[in-house]
Amino acid sequence: SQQGEEDPQALSIQEGENATMNCSYKTSINNLQWYRQNSGRGLVHLILIRSNEREKHSGRLRVTLDTSKKSSSLLITASRAADTASYFCATDANDYKLSFGAGTTVTVRA
Amino acid sequence: KAGVTQTPRYLIKTRGQQVTLSCSPISGHRSVSWYQQTPGQGLQFLFEYFSETQRNKGNFPGRFSGRQFSNSRSEMNVSTLELGDSALYLCASSFPRTGDRGYTFGSGTRLTVV
């Protein structure tokens, strides 16, 4: 079973706009990770935020984590056509596995 | 350095057959885990190996099994294939042990059962 939910399920934005997606989870975690997947290929690790961190930045990505609400958000700024993909959050509860959300499909229009 | 290599990329099998998928992790990575991705169930954890020992197993029937070799390469086997086993099977490796720097995934093996 999946750990939680992602919201929205799908997102369509114009190039240059920001994209925000949210993730909720159910259990205590060690860290939360975000991955990107293009057209049913392998997952690419984007960013990891530990349970004692509240915000993290990497290039055009900004991730927040609220452990009291068991939620996280991923912001992609100044989106590009190449950002078109599915984005998944995944929680690591220090049990040697990742529990994935259902994913958000992002379409960036030129 | 080379990424995670999964072979074969595509596979078509008939119901009732068995299949073996292979995964070679990034050099130096000792943890290998497997995931099944389907449109209906999403990404589901199958099992994880470290130094040839299975440390965790997902909620899958006994038809799904795996192993890891001394060089960290891993295989997973599915016996008595069912139509519902059609999926993208993804392998991931990590170092150090618990993947606290994230996992590197292979491109996957797409299995179609007919």
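Structure above, values below:
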read-out: Some residue of segment B:86-106 being of a type in the set (Phe, Trp, Tyr) and farther than 27 Å from A:SER51 by Cα; value: yes
read-out: Enumeration of residues in segment A:40-73 that are assigned to a strand (DSSP E or B) and within 14 Å of chain B (Cβ to nearest Cβ); value: A:LEU43, A:VAL44, A:HIS45, A:LEU46, A:ILE47, A:LEU48, A:ILE49, A:ARG50, A:LYS56, A:SER58, A:LEU61, A:VAL63
read-out: Boolean, A:THR27 is assigned to a loop (DSSP other than H, G, I, E, B), farther than 21 Å from B:ARG101 by Cβ and of a type in the set (S, T, N, Q); value: yes
read-out: Condition check for A:ASP95: in contact (Cβ under 8 Å) with a residue 12 or more places away in the chain, within 21 Å of B:PHE105 (Cα to Cα) and either of a type in the set (D, E, K, R) or surrounded by fewer than 17 Cβ atoms within 10 Å (Cβ to Cβ) (or both); value: no
read-out: Residue list for segment B:48-78, filter: at positive phi and touching a Gly at 6+ places or on another chain (Cβ under 9 Å); value: B:SER72
read-out: Hey, B:VAL4 among the β-branched types (Val, Ile, Thr), touching an Asp or Glu at 6+ places or on another chain (Cβ under 9 Å), modelled with pLDDT of 95 or more and surrounded by 14 or more Cβ atoms within 10 Å (Cβ to Cβ) or not; value: no
read-out: Within segment A:74-101, considering residues that are under 19 Å from B:SER33 (Cα atoms) and in a loop (DSSP other than H, G, I, E, B), the one nearest to the chain's Cα centre (by Cα); value: A:GLY101
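A quick yes/no check of all residues on (1) under 15 Å from A:LYS97 (Cβ atoms); (2) of a type in the set (Lys, Arg); (3) within 12 Å of chain A (Cβ to nearest Cβ):
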| residue | (1), (2), (3) |
| --- | --- |
| B:TRP34 | yes, no, yes |
| B:LEU83 | no, no, no |
| B:ALA92 | yes, no, yes |
| B:THR109 | no, no, yes |
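The values are calculated or read from the model by the stated rules, or taken from the named source; none is laboratory data. All values derive from a computational prediction rather than experimental measurement. Cβ atoms come from the backbone with ideal geometry, glycine included; neighbour counts cover every protein chain shown.
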